[in-house]
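This report refers to the structure that appears directly beneath it.
The values are calculated or read from the model by the stated rules, or taken from the named source; none is laboratory data. Since the structure is predicted, the reported quantities are computational estimates derived from the model, not experimental observations. Don't worry about glycine lacking a Cβ; one is built from the backbone with ideal geometry, like all the others, and counts go over all protein chains shown.
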Amino acid sequence: MSSEASETYGDPQTRTRILDAAWRLVEETGAEFKLADVASRAGVSRQALYLHFGDRSGLLVALVDHIDKSLGSESLRAEVFGAPTGVESLRRWVETMSWYSAKIDAVTRVLETAQYRDEAMTAAYRNRMDRRQGLLRAIIDRIAGEGGLAEGWTQEEAAQLAYAVTLPSSWRELTRELGWTAEEYADRIWKVLERALVSRVG
């Protein structure tokens, strides 16, 4: 059964229980998690898991959306885009990524790895990254519309820079490997983007 065919199958509470179990296992074991272990922890049969999600890829795609909803992604976006200016919106984005990336890091690492082995996961990962770029492009467009974009940048180029600098992999290298705290990440990445992209005129 395909992932698409299983999207609306079954009891929502059972589906949520499976997703919560998968979330915990991914955080504990990373890419090595097994569907049989997810089913066991959720208290369902492996067949029930397949009926709900189709396959491993379907489960991971659904898990990403489940985590976003659990962490209040809609409210976070409202907070970011509800800023009084585009520049403040970008600052809030960086500040949000300083802690949000930590919450989703285990699943993000699995997605980053799986995208090279599974066409469905490649499409799902790229879709997620495209959405991320779209959000940043909207912020940059607002900055430009308010006259705040520094000279020498097109809106597309500026959005690409902000996207690359705030990628989960960049966050992971700086915090997990180089030891930056969430506060240091937010402060330093914001300074980089502000100095590069925000006009000093006015």
Candidates V61, V107, filtered to the one that is hydrophobic (A, V, I, L, M, F, W, C) and within 15 Å of P168 (Cα to Cα): V107
State the number of residues belonging to the range 80-131 that are farther than 23 Å from E28 by Cα and touching a Phe, Trp or Tyr at 6+ places or on another chain (Cβ under 7 Å). 4
With the structure loaded, tell me whether A138 is assigned by TED's automatic domain parsing to the domain that holds G82 and farther than 15 Å from M97 by Cβ or whether it fails that test. yes
Enumeration of residues in the range 182-202 that are free of Cβ contacts under 8 Å to residues at least 60 places away in the same chain and touching a strand residue (DSSP E or B) at 6+ places or on another chain (Cβ under 9 Å): S199
Where the second residue is assigned to a loop (DSSP other than H, G, I, E, B) and the first is free of Cβ contacts under 8 Å to residues at least 24 places away in the same chain and lies in the range 30-45, which pairs have Cβ atoms under 7 Å and are six or more apart or on separate chains? A39/S45
Over the range 155-177, the set of residues loosely packed, with under 15 Cβ neighbours inside 10 Å and farther than 19 Å from A106 by Cβ is E156, E157, A164
Is it the case that some residue within the range 84-97 is among the hydrophobic types (A, V, I, L, M, F, W, C), surrounded by fewer than 18 Cβ atoms within 10 Å (Cβ to Cβ), under 13 Å from the mean Cα position of the chain (by Cα) and closer than 30 Å to A196 by Cα? no
